1. Can you pull out every residue in region 135-181 that is open to solvent by 50 Å² or more (accessible area, probe 1.4 Å) and either of a type in the set (Gly, Ala, Ser) or not in a helix (DSSP H, G or I) (or both)?
2. When you check ALA279 against the structure, is it open to solvent by less than 30 Å² (accessible area, probe 1.4 Å) and at pLDDT below 90, yes or no?
3. Only one residue in GLY73, GLY26 is within 19 Å of ALA250 (Cα to Cα) and at pLDDT 90 or above. Which one?
4. Could you list, in sequence order, all residues of region 213-226 that are out of contact with any strand residue (DSSP E or B) (no Cβ under 6 Å at 6 or more places or on another chain) and touching a residue at least 40 places away in the same chain (Cβ under 8 Å)?
5. Would you call GLU256 in contact (Cβ under 8 Å) with a residue 40 or more places away in the chain, touching an Asp or Glu at 6+ places or on another chain (Cβ under 9 Å) and part of a helix (DSSP H, G or I)?
6. Return the residues of region 196-212 that are open to solvent by 30 Å² or more (accessible area, probe 1.4 Å) and touching a residue at least 24 places away in the same chain (Cβ under 8 Å); say none if nothing qualifies.
7. Pairs under 9 Å by beta carbon, first residue touching a residue at least 24 places away in the same chain (Cβ under 8 Å) in region 171-193, partner not in a helix (DSSP H, G or I), six or more apart or different chains?
8. Only residues that are surrounded by fewer than 16 Cβ atoms within 10 Å (Cβ to Cβ) and among the small types (Gly, Ala, Ser): list them for region 58-87, please.
Amino acid sequence: MSAATTPRNTRHQLSPARRTKNLVMGGLIVLATAIVVAPLILIFAYLIREGLGAMNLDFFTKVPAPEGETGGGLANAILGSIEMLALASVLGVVVGVSGGIFLAEYPRHPLMPSIRMISDVLAGIPAIVMGLVAYGLIVLHFGFSGLAGAVALGFLMIPIVVRTTEEVLKLVPQTVREAGLALGLPKWLVTLRIVLPAAAGGIVTGVMLALARVAGEAAPLLFTAFGNNQINLDPTKPMSALPLEIYRGATSAYDENQRLAKAGALLLITLIFLTSLLARRASRRK
């Protein structure tokens with residue numbers, strides 16, 4: 001009997017008890033997977049059935065109609081979400097990537113334990129508390145605005161980007177850093193010009209996942225952006241967003257508002273799904 005055929009014959013000669021255990025465990029794994037995936041499939045199917053009919057041209061080009069009237073769309077919420085996520089990315093990426101670089105490249109710095117503790121605490125704070133923080137910092141002094149909502153979302157992005165950046169930078173071989181230092185480059189220049197570009201793919205993946213994480217948050221926007229029935233691109237004024245319109249439409253007594261809310265939820269979950277898929281594909285390819 002050759003060595004190549006031994007594992008195959010051993011596999012076919014499993015005892016009935018071991019075969020039964022294999023079948024049972026395999027069935028439990030399939031069942032657990034189905035339990036995890038089934039709610040997402042059911043939610044997605046429900047939104048397609050209830051909201052797909054409302055996703056017409058008016059949905060993307062018009063603002064919500066007055067209460068009780070038919071028609072209208074969520075153009076104000078779509079543009080508001082895009083602008084607030086873009087502004088939140090500035091805060092989340094700059095602070096998050098800087099924190100990740102500090103934790104990965106300066107592990108012996110005296111401030112490292114404090115920075116790590118702050119990052120871990122931020123990761124565990126509920127989204128509504130972040131909204132209250134932005135309310136106290138900005139809204140109480142300058143009023144409701146899209147900028148306040150972007151700050152709240154940016155705070156939520158920071159710990160995700162910090163942890164992703166730190167872990168990705170740790171994957172860069174130490175020999176790459178040593179080669180740069182051997183050429184006489186200072187450590188900060190080695191980090192910015194050599195280490196950071198080498199980990200750029202993973203950092204971008206982390207940023208995309210952070211955006212997908214905060215895109216559906218409505219609680220912090222209730223205290224900050226507040227909402228706006230008209231299209232507004234001025235970040236210093238109240239601004240609408242998809243999660244806000246979904247929340248208000250879902251709690252409305254009018255069928256038309258609920259229909260627009262379901263269409264907005266379908267659009268939002270589709271965008272989050274595509275963002276997560278692109279992030280996974282980019283990470284896998286890298």
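1. Those that are open to solvent by 50 Å² or more (accessible area, probe 1.4 Å) and either of a type in the set (Gly, Ala, Ser) or not in a helix (DSSP H, G or I) (or both): PHE144, PRO173, ALA179.
2. Details: open to solvent by less than 30 Å² (accessible area, probe 1.4 Å): yes; at pLDDT below 90: yes.
So ALA279 fits the description; yes.
3. On the way: GLY26 fails: within 19 Å of ALA250 (Cα to Cα).
Going through GLY73, GLY26 in turn, the sole match is GLY73.
4. If the condition is that a residue be out of contact with any strand residue (DSSP E or B) (no Cβ under 6 Å at 6 or more places or on another chain) and touching a residue at least 40 places away in the same chain (Cβ under 8 Å), then ARG213, VAL214, ALA215, GLY216, GLU217, ALA219, PRO220, LEU221, LEU222, PHE223, THR224, PHE226 are the ones that fit.
5. Numbers: in contact (Cβ under 8 Å) with a residue 40 or more places away in the chain: yes; touching an Asp or Glu at 6+ places or on another chain (Cβ under 9 Å): yes; part of a helix (DSSP H, G or I): yes.
Answer is yes for this residue.
6. The first filter runs over region 196-212 and keeps only residues open to solvent by 30 Å² or more (accessible area, probe 1.4 Å), leaving 196-198, 200, 204, 208-209, 211.
LEU196, ALA198, VAL204, MET208, LEU209, LEU211, listed by residue number.
7. Between residues of region 171-193 that are touching a residue at least 24 places away in the same chain (Cβ under 8 Å) and residues that are not in a helix (DSSP H, G or I), the close pairs are LEU171/ALA199; VAL172/ALA199; LYS187/TYR106.
8. Selection gives GLY68, GLY71, ALA86.
The values are calculated or read from the model by the stated rules, or taken from the named source; none is laboratory data. Just so you know, these numbers come straight off a predicted model, no measurement behind them. Reconstructed Cβ throughout: ideal geometry from the backbone, glycine too, with neighbour counts over all protein chains shown. Heads up: the accessible areas ignore ligands, DNA and RNA and are worked out on the full protein's heavy atoms, side chains in. Shrake-Rupley method; radii C 1.70, N 1.55, O 1.52, S 1.80 Å.
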